[in-house]
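Structure first, commentary second.
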Amino acid sequence: MTHTSPQDHYFLWGFSPENEAKIRYQEYGCGEQSEKPPVLFIHGYGAMIEHWQDNIPQFAASHRVYAMDLIGFGKSQKPNVRYSLELFAAQIEAFMHLKQIDEIILVGHSMGAAGSIYYANLRPEKVRALVLANPSGLYGDSMDGMAKVFFGLVGSPMIGEVLFTAFANPVGVSQSLVPTYYNQSKVDLKLINQFTRPLQDKGAIWSYLSPSRRPQDFTLDHLKKPCRFKGHAFLVWGAEDSALPPHKIIPEFQQLLPQAGAFIIPKAAHCIHHDAPDAFNERLGAILDAIG
């Protein structure tokens with residue numbers, strides 16, 4: 001099956017009285033007349049719409065499908081503002097208003113999944129279902145001492161900028177991506193270039209260093225357990241995720257979302273949807289069929 005390249009669309013989002021940003025999104029699939037709720041794909045840290053390229057085409061025949069680049073990432077603008085899950089949730093709300101969507105199915109990966117949970121807690125009536133692929137935001141005791149030291153270093157302004165400069169190239173990107181994949185052949189030149197290009201954009205340093213400079217802005221620890229969202233929720237996890245090991249992290253998320261079933265996919269790591277797309281698509285398809 002061949003797929004034509006989707007067209008980029010942009011909207012200007014005034015996210016505060018003083019600030020606005022140009023946001024990229026794409027839309028696919030059957031028209032708005034579909035009775036099924038639309039699906040919105042939200043990428044993870046450092047990623048972009050293209051990270052879903054092996055997933056979205058499978059669902060565009062049955063659903064209206066959207067994907068967007070979070071502010072500060074991909075081809076969206078990268079202003080010097082305070083990045084946070086709250087800001088990402090506000091972007092989802094702005095997109096819902098732009099497209100006049102009453103109810104959405106959110107498919108989020110990693111940081112995008114955490115932002116999706118934040119939005120669902122804020123506006124539970126707007127979310128039909130959450131599909132959370134290796135979500136971040138709750139870490140338990142999974143972060144070891146060396147990782148905490150590293151994040152402390154990156155949070156230091158001068159050291160952080162030096163590390164960013166060292167990282168913002170194909171070699172640095174490749175070294176960062178490899179541990180997030182079980183199937184190492186997926187980390188090819190195309191993927192490396194996709195992740196490298198946005199790092200050259202004006203302002204990229206602000207968004208990319210935000211999680212290490214203000215980690216509290218990217219956690220869900222402050223949400224009440226269980227959270228306000230009581231609808232359908234699903235956790236889909238790569239068994240080989242060493243950064244967020246499922247046996248440690250899934251119980252944390254099930255305190256927040258006790259209704260969430262968990263499905264672990266073998267031979268997949270953190271970037272599960274791109275690492276093992278066939279297995280991920282099969283699971284997502286079953287979820288969408290069950291939701292109706």
Is it fair to say Ala279 is buried (at least 19 other Cβ atoms within 10 Å of the Cβ) and of a type in the set (A, V, I, L, M, F, W, C)?
no
Does Ser185 qualify as being surrounded by fewer than 18 Cβ atoms within 10 Å (Cβ to Cβ), modelled with pLDDT of 95 or more and among the small types (Gly, Ala, Ser)?
yes
Would it be correct to say that His43 is within 21 Å of Pro215 (Cα to Cα) and touching a helix residue (DSSP H, G or I) at 6+ places or on another chain (Cβ under 8 Å)?
yes
Within the stretch 246-292, which helices (runs of 4 or more DSSP H) (wholly inside it) include 3 or more residues that are at pLDDT 95 or above, farther than 20 Å from His63 by Cβ and among the hydrophobic types (A, V, I, L, M, F, W, C)?
246-256
Restricting attention to the stretch 54-87, which residues are surrounded by fewer than 18 Cβ atoms within 10 Å (Cβ to Cβ) and aliphatic (A, V, I, L, M)?
Ala60, Ala61
Give the stretch 202-235 a look and list any residue that's assigned to a strand (DSSP E or B) and of a type in the set (Val, Ile, Thr), or say none.
none
Does at least one position in the stretch 108-118 carry a residue that is of a type in the set (Phe, Trp, Tyr) and open to solvent by less than 10 Å² (accessible area, probe 1.4 Å)?
no
Could you please tell me which pairs satisfy a Cβ distance under 8 Å, a separation of 6+ or placement on different chains, a first residue in the stretch 40-61 that is closer than 12 Å to Gly108 by Cβ, and a second residue that is surrounded by 18 or more Cβ atoms within 10 Å (Cβ to Cβ) and among the acidic types (Asp, Glu)?
His43/Asp69
Within the stretch 5-29, how many residues turn out to be open to solvent by 40 Å² or more (accessible area, probe 1.4 Å) and hydrophobic (A, V, I, L, M, F, W, C)?
2
Only one of (1) over 15 Å from the mean Cα position of the chain (by Cα); (2) within 27 Å of Gln255 (Cα to Cα) fails for Gln58. Which number is that?
(2)
Could you tell me which numbered condition Gln100 fails, if it satisfies all but one of (1) of a type outside the set (Ser, Thr, Tyr); (2) open to solvent by 40 Å² or more (accessible area, probe 1.4 Å); (3) on the phi < 0 side of the Ramachandran plot?
(3)
Test each condition in (1) in contact with an Asp or Glu (Cβ under 7 Å, 6 or more places away or on another chain); (2) over 20 Å from Asp278 (Cα atoms) for Met96 and report the one that comes out false.
(1)
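Run down Lys267, Lys230, Lys202, Lys248 and say which single residue is in contact (Cβ under 8 Å) with a residue 12 or more places away in the chain, open to solvent by 10 Å² or more (accessible area, probe 1.4 Å) and at positive phi.
Details: Lys230 fails: at positive phi; Lys202 fails: at positive phi; Lys248 fails: at positive phi.
After ruling out the rest, the residue left standing is Lys267.
The values are calculated or read from the model by the stated rules, or taken from the named source; none is laboratory data. Since the model is a prediction, treat every value here as computed from it, not as a measurement. Every residue, glycine as well, gets a Cβ built from its backbone with ideal geometry; the counts of neighbours run over all protein chains shown. Ligands, DNA and RNA are excluded from the accessible area calculation, which covers all protein heavy atoms including side chains. Shrake-Rupley method; radii C 1.70, N 1.55, O 1.52, S 1.80 Å.
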